[in-house]
Amino acid sequence: LIAGFCACCASAGARAAEAEATLTWLRDGVVATRTLPAASSAAHSSPIGSLWKLYVYAYLAETDAREAPYQCTAAAEISEQQEYCCKAGESVGRDQALARSCGAYFEPERLAISGGAWRSFWQQRMPQIPWLQELSALQPQTQVSVASLLNTLQTFPPLARQAARQALAEVTLSGYGRGALAALGSGPRLKT
């Protein structure tokens, strides 16, 4: 499902304003595609899931923030949230945290991101996406329309887009075979 959603974002993100959305996924080495009519895709909502980390990453990249690395605690204290971050006693930086999907790194409280600064940042860049302007909406379970989610990805801030592409360059689809890479293009940049 996540791979399918990412492929949907990759193929439909540039077409969010068009009449239909295309979902693409890989199953048993075969790439499958399904096109959804506009009325169908616009009516659906989806949780933002791990994409909340990408929005915080964008905020940090675009504001040229200089935050401290995230320190992983002792092995006995490793929480579910820092499970993907680093080993006990190690630290992780912004790009590694994005590639590893380290939620603990991107917690707004840890980064001292205020609601007002967040709102101002996103109002300037995406005034048509009110849910993104609310720091409290940065929860994996927050439901938003698929159209607005795709719109955020289509109009992602340019500096943050480039930085995220570089940070995610190490993330590959190694477990899915070469057919998926060919179907997605020569240089997939996916958040999994």
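What the table shows:
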item: Enumeration of residues in segment 34-58 that are open to solvent by 50 Å² or more (accessible area, probe 1.4 Å) and modelled with pLDDT under 80; result: PRO37, ALA39, ALA42, ALA43
item: Tally, over segment 136-146, of residues that are in a helix (DSSP H, G or I) and surrounded by fewer than 19 Cβ atoms within 10 Å (Cβ to Cβ); result: 2
item: Tabulated pairs, segment 79-103, first modelled with pLDDT under 85, second among the basic types (Lys, Arg) and surrounded by 13 or more Cβ atoms within 10 Å (Cβ to Cβ), C-beta under 8 angstrom, 6+ apart or interchain; result: TYR84/ARG100
item: Whichever residue in segment 96-130 is among the polar types (S, T, N, Q) and more than 18 Å from SER50 (Cα to Cα) and, among such residues, is most open to solvent (accessible area, probe 1.4 Å); result: GLN124
item: VAL171 vs. criteria crowded, with 18+ Cβ neighbours inside 10 Å and modelled with pLDDT under 95; result: no
item: Among (1) open to solvent by 60 Å² or more (accessible area, probe 1.4 Å); (2) at pLDDT below 95, the one test that THR63 misses; result: (2)
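The values are calculated or read from the model by the stated rules, or taken from the named source; none is laboratory data. From a predicted model like this one, the values you see are computed outputs, not experimental measurements. Cβ: placed from backbone, ideal geometry, glycine included. Neighbour counts: every protein chain shown. Ligands, DNA and RNA are excluded from the accessible area calculation, which covers all protein heavy atoms including side chains. Shrake-Rupley method; radii C 1.70, N 1.55, O 1.52, S 1.80 Å.
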